[in-house]
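This report concerns only the one structure given below.
What follows is calculated from the coordinates using simple rules that are stated; it is not laboratory data. Since this is a predicted model, take the numbers as computed values, not measurements. Note that each Cβ is placed from the backbone with ideal geometry, even for glycine, and that neighbours are counted across all protein chains shown.
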């Protein structure tokens, strides 16, 4: 069987790639894409732990399904916010989202 | 499943997942980035099948590849500046990112490689769909109801936020 640490390292690397996207990209939609990468790498971790530590309970799979629901809600609200800001500022560049800046 | 075959599948999916994730993050064309996100989500679904989590894998394909990617494509097209040339996105603050990423990955690998986990030898749940359905209706009934209310609230909120102001 594949060692559990392979899955942990893989999901750590994928999480780091998603975090790089959040830190590097200036386009708000691109940041949302990177957040999806991070959510899915965490989900992979949950399912891997469920398979290796307590396979007869499948509790990690339940958590993964909850995370999916949260992720879907997050995308809907995030895109609605981006659309509204785009309508007001004519831009999706995060550096220009500074209307609250004093 | 044969041990060698599962290792080969694992590393093939790892290459697919990491390369598509890198392309999502570094790609200058957002439309292509969304397509590579779909590929990444499919490779994660492959891992769920490898881990014997059939229902989660199917939900990954339905909800993420079928739903979230389409919604994100809508978002990309609705916020595209008039000419498609502006679909690009620049990269900034490289050094902070590199330092934080190297420390994060280093810490995670350092922790993961030496930790000894109590790996259970029990066989996984065979019929995941009926098992998870029963769990949702018994042990997890409260989180299930809470998350359904949350989803409803989030979707209504998204509609209200995105609506044209002063719209009919």
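Structure notes:
- Rh by Kirkwood over Cα pairs, then Stokes-Einstein D for the protein assembly as shown at 1.567 mPa s and 4 °C, µm²/s: 66 µm²/s
- Computed over segment A:4-96, the ratio Rg/Rh where both radii use C-alpha atoms and Rh is Kirkwood: 1.10
- Rounded to 0.05, the FRET efficiency of the residue B:118 and residue A:67 pair, given R0 = 22 Å and the Cβ-Cβ distance, is 0.40.
- Residues considered: B:45, B:17, B:80. Largest GNM mean-square fluctuation over chain B, using C-alpha springs under 10 Å, is found at B:80.
- Ranked list, fewest to most other Cβ atoms within 10 Å of each Cβ, for A:77, B:111, A:31, B:56: B:111, A:77, A:31, B:56
- Residues residue B:16 and residue B:160, FRET efficiency given R0 of 30 Å [Cβ-Cβ distance, rounded to 0.05]: 0.20
- Whole-angstrom Cα spans of chain B along principal axes, big to small: 59, 43, 28
- From its DSSP helices (H runs of at least four residues, each -39,500 (n - 2.57)), the protein assembly as shown gives a residue-normalised ellipticity at 222 nm of -24000 deg cm²/dmol.
- Sorting B:96, B:109 by the number of Cβ atoms found within 10 Å of their own Cβ, with the fewest placed first, yields B:96, B:109.
- For segment A:1-34, the residues whose amide N sits under 17 Å from a probe point set 7 Å from the Cα of residue B:6 along the beta carbon direction are A:1-10.
- Among B:79, B:115, B:129, the residue with the largest mean-square fluctuation in a Gaussian network model of chain B, with springs joining Cα atoms closer than 10 Å, is B:115.
- For residue A:100 and residue B:28, the FRET efficiency from 1/(1 + (r/R0)^6), where r spans their Cβ atoms and R0 equals 30 Å, is about 0.55.
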